[in-house]
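The values are calculated or read from the model by the stated rules, or taken from the named source; none is laboratory data. Quick caveat: nothing in here was measured; it's all calculated off a predicted structure. Don't worry about glycine lacking a Cβ; one is built from the backbone with ideal geometry, like all the others, and counts go over all protein chains shown. Surface accessibility is based on the protein's heavy atoms, side chains included, excluding ligands, DNA and RNA. Shrake-Rupley method; radii C 1.70, N 1.55, O 1.52, S 1.80 Å.
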Amino acid sequence: MSLTLVGRCPGCGEWGTMSEEAPAPSGGSAVSRVTAKPIASLDVKPEERVPSGIAELDRVLGGGWVKGGVVLLGGEPGVGKSTLLLQACAFIAKGGHRVLYISGEESAGQLAMRARRLGISEKNVDLLCDADLLSMLEAAAGYEFLVVDSVQAFRIEGESGWSGSPSQVRNVASRAAMTAKSLSIPMVMVGHITKQGTIAGPKILEHMVDVVLLFSGERNSSHRLLRAEKNRYGATDELGIFEMTEGGLAAVTDPSRMYWGMAGSVGTPGVAAGVSLEGSRPLVAEIQALSCATPFPYPKRTARGIEVNRLQLLLAVLERRCGIFSRNSDVYVNVAGGLSLQDPAADLSICAALASSFRDVALPEGVCFIGEVGLAGEIRPTAKSSLRVREAARLGFKAAVMSARDPAEKPEGQDGFLIIKVGSVSAMLERFLK
Ligand code: TYD
Ligand code: MG
């Protein structure tokens, strides 16, 4: 079958992702010229780190850029990828190192104007805005940090496909990665994302790089979140939190204060506080739930900031274990501030918010809910619970509701703080929402 006849991938159903591949040359003689070595005999050197100068970025990278390490930074247009990278370039340049920024997205004039706006006046940041990627990569010799903005903007002559096509993206990325590895310098490539929020281009792109970072933010908010999807040099659960300001991206130093109670909704039925652990950092999150009677046979379940499947599961637990029936109601859940919660410890706060909305009774102020909820309606202990309790106390909470089996104790110096241990969701409701 000729590939020119195939527009849509029969495997994944996506359009424009098929590309033609020449068969690999067949292998030569049966006698191998390479010898394997025992793993224990190899010299190991810890990777050399280069601090990025941006604490929130270092947190997600696991301690800074790595020499010879290739990072792919994905995000929606306008989220601030180029801004973040220009700021990172400026810091490295300040240390006396030469930095090369290769751009296929913006002209040199546009980038220079932005750099002015960001107050970047370093002489060591060089710009290249040409169409020929290969000669720009050749010019990278002698530089100590390299940015390619973006993998979709370039095209390698002599290879098939237009820029941004899967084969071109793969080629551009592999040439750029080879350059960084051979020069042993850190490199960041910007990657566009699809409507579904994944990095555009072939999946192999993510396998080719050492670190995949995703930068996200809500349209109408200045907050930006940075997460690692993959990190060969560190953990993937850390969260970097920024704010886009007039002068570029600034770190948010006390994120709990940013997410909890900012909207003035505390004390309303349906609002509960949970403490979610994002990597090593606990965050107090505001869960808002709203239930509303519907005459339709298929009530709506809408969730922002938690997965809708998790909402459905918790509604089932509330119905079967606590007698809270939601089958005639539309249910909406929102995590304030655009935060997205993956931590199962948020379950109990979601249940508390839902039940509070169904019963139309506000939860007592100053109380937060920390625990995973099981299908039997039991509350389970959570990881690092004392860290969470300490964060809640720091923000002025007076009590934390937790699993009866959670070992957490009162935080030091907070004698007035109460830890209320309960075994099940129904016991929690009995106590707070009677
Ligand atoms: P940009 O870095 O160009 O996004 P990306 O490279 O991800 O497409 O960010 C562009 C947005 O950021 C634009 O809407 C303007 C805003 N911005 C600020 O608010 N303050 C600033 O200092 C800068 C440089 C940009
Ligand atoms: Mg950009």
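For the reader, a short list of remarks on this structure follows.
- Sequence-distant contacts, meaning Cα pairs under 8 Å at least 6 residues apart, place the relative contact order of region 258-432 at 24 percent.
- Under the Karplus curve 6.51 cos²θ - 1.76 cosθ + 1.60, θ = phi - 60°, whole-Hz ³J(HN,Hα) for region 253-268, x wherever Gly or Pro sits: 8, 10, x, 4, 5, 7, 9, 9, x, 6, 8, x, 9, 5, x, 8
- Sequence-distant contacts, meaning Cα pairs under 8 Å at least 6 residues apart, place the relative contact order of the chain at 12 percent.
- Relative intensity of region 24-147 on a log10 scale, I(q)/I(0) at q = 0.16, 0.18 Å⁻¹, equals -0.86, -1.01, per a Debye sum over C-alpha point scatterers of equal strength in the absence of solvent.
- Among the listed pairs Lys94/Lys230; Lys37/Lys67; Lys81/Lys230; Lys203/Lys230, those beyond 23 Å (Cα-Cα): Lys94/Lys230; Lys37/Lys67
- Over the Cα atoms of the chain, the radius of gyration divided by the Kirkwood radius equals 1.05; this is the Rg/Rh ratio.
- Take Glu21: with every protein chain present and a 1.4 Å probe, its accessible area is about 110 Å².
- Taking every DSSP bridge with both residues inside region 258-432, close to 55 percent are antiparallel.
- On Cα atoms only, tilt of 166-183 relative to the major axis of the chain in degrees: 80
- Compactness of region 47-253 was expressed as the Cα radius of gyration divided by 2.2 N^0.38 Å, which yields 0.93.
- Considering only Val275, Ile241, Gly337, and ranking their Cα positions along the charge dipole of the chain that arises from unit charges at the beta-carbon of Lys, Arg, Asp and Glu, the one farthest toward the positive end is Val275.
- Amide H contacts of Glu372 (H built 1.01 Å from N, in plane; Pro and chain starts excluded): Arg380 sit under 5 Å, all sequence-distant by 5 or more or on other chains.
- Charged-residue dipole, Cβ positions (Lys, Arg, Asp, Glu), the chain about Cα centre, Debye nearest 20: 780
- Computed from Cα atoms, the angle from the helix 347-359 axis to the main principal axis of the chain rounds to 50 degrees.
- Once the 1.4 Å probe is applied to the protein heavy atoms, the chain comes out at 50 Å² accessible per residue.
- Built amide H within the under 5 Å cut-off of Arg98, gap 5+: Glu144
- Cα-Cα separations in region 371-418 greater than 13 Å, expressed as whole percent: 53
- DSSP beta bridges in the chain [antiparallel fraction, %, rounded to 5]: 50
- For Gly74, the residues 5 or more places off, or on other chains, whose built amide H falls under 5 Å of its own are Gly191, Leu213, Leu214, Phe215.
- Beta bridge orientation in region 42-150: antiparallel %, DSSP, nearest 5: 20
- Ligands, DNA and RNA excluded, the heavy atoms of Glu157 present near 150 Å² of accessible surface to a 1.4 Å solvent probe.
- Accessible-area composition of the chain, carbon plus sulfur, in percent [1.4 Å probe]: 53
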